[in-house]
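Okay, so here's the structure we're looking at.
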Amino acid sequence: MNIFQQLEHSKAPAAVRLVMIVDYIANRDEASFTEICTDLSIPKSSVHHLLEVLTVSQLLRQRADGRYVLGLRLFELGGLAIKNIDLRKDAIGFMHTLVKETELTCHLGILEGDNGFFLSKVESPKAIVKTSWEGKKIVFNRMSLGKVLLAWLPQERIETLIADCTFKRFTPRTITNKDDFLEHLKLVKEQGWAIDDGEDIEEICCMAAPIFNQDGKVIAAIGVNGMQSQYANGKKEKHLASLIKTSKAISDHINSHRAE
């Protein structure tokens, strides 16, 4: 059951519609007035007033072409929320060290509800292509962070989380079949790490490893990414060793800290 099904009988329908509109635009990147009315089945008069509230409060912004996108206030609030998450604080120092060792960009990903998100990012000074940001949604079937966040979950939970995956071919290496992807997740769990070898963006390679809590549950995934050339000439094995070492160090740090 998704969040809107849970709120179906809410006593604050206007508030639910506000959330629906923001969520709709967040998933599409942008939307027109007509698209919002039609796809969300909200009367035009209501949408007009709701959009006015959202734009005045800077949760949404209307572009010159009339379409609506997320507003800067949302990014500000998201940043404040991220700063208050202990996991980010626990991991950030290790992430900086990993970037120095590998010269790759480092990400921390988490599962929140039915979605994965980039919780934190440390940019490599040698980064050429910038394709991520804190708060970006993780695509489970095309990103190494997503694979790690799924691989240790019960089968039923995995099935639920990938129900909306389209398995569309983005590059020649994209996994385009659900059954193949489920088999791939078994390999990820068995080997203890995941790779996106040009599956999301052909020129980019990413590797990720799990961070475990005291109960042996994966609470986050840490990953490194860079251009394919940055993994050549034996560097891939070195980067993987640094990644695994860092993921274990973060897990040990978090669990020893929680035990105190």
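The values are calculated or read from the model by the stated rules, or taken from the named source; none is laboratory data. As the structure is a computational prediction, the values presented were derived from the model and not from experiment. With ideal geometry, Cβ positions are generated from the backbone for all residues, glycine too; neighbour counts draw on all protein chains shown.
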Report summary line: Of the candidates Ile110, Ile175, the one satisfying the condition of being assigned to a strand (DSSP E or B) and more than 15 Å from Val224 (Cβ to Cβ) is Ile110
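Let's see how each residue does on (1) of a type in the set (Ser, Thr, Tyr); (2) under 18 Å from Gln191 (Cα atoms); (3) at pLDDT 95 or above:
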residue	(1), (2), (3)
Ile211	no, yes, yes
Gly223	no, yes, yes
Lys236	no, yes, no
His239	no, yes, yes
Asp252	no, no, no
Query raised in the report: Looking only at residues in segment 42-71 that are part of a strand (DSSP E or B) and under 12 Å from Val22 (Cα atoms), which one is nearest to the chain's Cα centre (by Cα)?
Result: Leu70
Query raised in the report: Would you call Thr105 among the β-branched types (Val, Ile, Thr) and under 19 Å from the mean Cα position of the chain (by Cα)?
Result: yes
Query raised in the report: Which condition number does Lys11 fail, the rest of (1) modelled with pLDDT of 90 or more; (2) farther than 30 Å from Glu159 by Cβ; (3) loosely packed, with under 12 Cβ neighbours inside 10 Å being met?
Result: (1)
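Rundown of residues vs (1) more than 29 Å from Phe75 (Cβ to Cβ); (2) modelled with pLDDT of 95 or more; (3) in a loop (DSSP other than H, G, I, E, B), yes/no style:
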{"site": "Ser124", "(1), (2), (3)": "no, no, yes"}
{"site": "Thr166", "(1), (2), (3)": "no, no, yes"}
{"site": "Asp180", "(1), (2), (3)": "yes, no, no"}
{"site": "Glu190", "(1), (2), (3)": "yes, yes, no"}
{"site": "Ile201", "(1), (2), (3)": "no, no, yes"}
{"site": "Gly226", "(1), (2), (3)": "no, no, no"}
Query raised in the report: Under the condition of being under 25 Å from Asp252 (Cα atoms) and of a type in the set (S, T, N, Q), which residue from segment 87-123 is surrounded by the fewest Cβ atoms within 10 Å (Cβ to Cβ)?
Result: Thr97
Query raised in the report: Taking interchain pairs and intrachain pairs at least six residues apart, which have beta carbon atoms under 7 angstrom, with the first residue in segment 13-24 and within 17 Å of Glu35 (Cβ to Cβ) and the second charged (D, E, K, R) and part of a helix (DSSP H, G or I)?
Result: Tyr24/Asp39
Requested in this report: Considering (1) within 21 Å of Ala26 (Cα to Cα); (2) of a type in the set (D, E, K, R); (3) surrounded by fewer than 22 Cβ atoms within 10 Å (Cβ to Cβ), say which one Arg142 fails and leave the rest.
Outcome: (3)
Query raised in the report: If you check every pair at least six apart or on different chains, which have Cβ atoms under 9 Å apart with a residue in segment 219-241 that is aromatic (Phe, Trp, Tyr) first and a residue that is assigned to a strand (DSSP E or B) second?
Result: Tyr231/Asp197; Tyr231/Cys205; Tyr231/Met207
**Report entry** Members of segment 205-255 that are over 18 Å from Cys106 (Cα atoms) and either in contact with a Lys or Arg (Cβ under 8 Å, 6 or more places away or on another chain) or not assigned by TED's automatic domain parsing to the domain that holds Thr171 (or both)
**Finding:** Asn213, Gln214
